[in-house]
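Let me begin by presenting the structure, written as structure tokens, before commenting on it.
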Amino acid sequence: MSEAVESLRAVLSEASALLAEERRLCLAGRLDEAGPLAERKQAIVERLGTAMAAIARVGAGDAEASLREEIGAVQRAAKENERILEAARTGLKRARRELARVAAARRGAVAYGAKGEEILSTEDAAGRSKTA
């Protein structure tokens with residue numbers, strides 16, 4: 001097996017392990033620990049580009065089919081993590097809105113804007129907030 005193929009396999013293995021770690025952290029709700037992985041992911045992407053360029057120069061030979069499968073598995077894991085992270089972001093936004101709604105209800109007054117949208121901040125309700 002060529003050095004280029006071995007190098008690509010090593011980077012793919014590292015990418016797979018990092019994505020598995022990111023998935024584990026996200027599913028455990030430990031998003032604060034998943035955030036710092038972005039820097040490591042960027043470094044892996046750069047190394048992947050270098051390894052892929054080497055493969056393009058020298059070819060993968062008999063390993064081409066298995067490399068395609070390995071690359072596909074890493075791509076699927078990355079897309080799944082992206083879906084998980086997007087779901088977490090959506091959930092956090094909803095939770096923030098709900099907390100703001102509950103806080104406003106506790107204060108007793110709820111104001112509505114000219115377009116019928118609920119105004120949750122006291123600055124908005126008093127007409128003191130800056131608008132674009």
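The values are calculated or read from the model by the stated rules, or taken from the named source; none is laboratory data. Quick caveat: nothing in here was measured; it's all calculated off a predicted structure. A quick note on method: Cβ atoms are made from the backbone with ideal geometry, for glycine too, and the neighbour counts reach across all protein chains shown. Just the protein is used for accessible areas: all its heavy atoms, side chains included, with ligands, DNA and RNA removed. Shrake-Rupley method; radii C 1.70, N 1.55, O 1.52, S 1.80 Å.
When R128 is tested against the conditions (1) modelled with pLDDT of 90 or more; (2) open to solvent by 90 Å² or more (accessible area, probe 1.4 Å), the lone failure is (1).
For region 97-106, filtered to residues that are among the charged types (D, E, K, R) and surrounded by 11 or more Cβ atoms within 10 Å (Cβ to Cβ), the residue that is farthest from E22 (Cα to Cα) is R101. Yes or no: region 68-77 includes at least one residue that is open to solvent by 50 Å² or more (accessible area, probe 1.4 Å), out of contact with any Leu (no Cβ under 6 Å at 6 or more places or on another chain), of a type outside the set (A, V, I, L, M, F, W, C) and in contact (Cβ under 8 Å) with a residue 40 or more places away in the chain. Looking through region 68-77, none of the residues is open to solvent by 50 Å² or more (accessible area, probe 1.4 Å), out of contact with any Leu (no Cβ under 6 Å at 6 or more places or on another chain), of a type outside the set (A, V, I, L, M, F, W, C) and in contact (Cβ under 8 Å) with a residue 40 or more places away in the chain.
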